Amino acid sequence: MNIIKQSVSADIAKDKFDACFSVLTSEHLVVVKATHRFANSAQGLAAFSKWIRKWEVP
């Protein structure tokens with residue numbers, strides 16, 4: 001499976017936000033790799049930043 005595109009989406013609310021990391025393969029399949037809920041705060045944003053780095057494909 002060759003990855004041709006990475007994507008992060010977010011659903012933002014007042015107190016929290018949900019994030020999703022997915023990839024598009026060379027077979028044109030979207031594969032959701034991870035989802036997570038974070039607090040909508042400075043600490044939540046820092047946790048999101050750390051979380052998304054572990055899923056990034058170079």
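No lab work stands behind these numbers, since they all come straight from the coordinates. Every value quoted in this text rests on a predicted model; they were computed, and no experiment measured them. Note that we place each Cβ from the backbone using ideal geometry, even for glycine, and neighbour counts take in every protein chain shown.
For the reader, a short list of remarks on this structure follows.
- Qualifying residue in region 7-20 (condition: polar (S, T, N, Q) and surrounded by 13 or more Cβ atoms within 10 Å (Cβ to Cβ)): no
- Failed item, numbered, when GLU56 is tested on (1) in contact (Cβ under 8 Å) with a residue 40 or more places away in the chain; (2) of a type outside the set (A, V, I, L, M, F, W, C); (3) touching a Ser or Thr at 6+ places or on another chain (Cβ under 8 Å): (3)
- Positions within region 18-35 being within 17 Å of GLU56 (Cβ to Cβ) and of a type in the set (S, T, N, Q), in sequence order: SER22, THR25, THR35
- Within region 21-30, being surrounded by 12 or more Cβ atoms within 10 Å (Cβ to Cβ) and of a type outside the set (S, T, N, Q) holds for PHE21, VAL23, LEU24.
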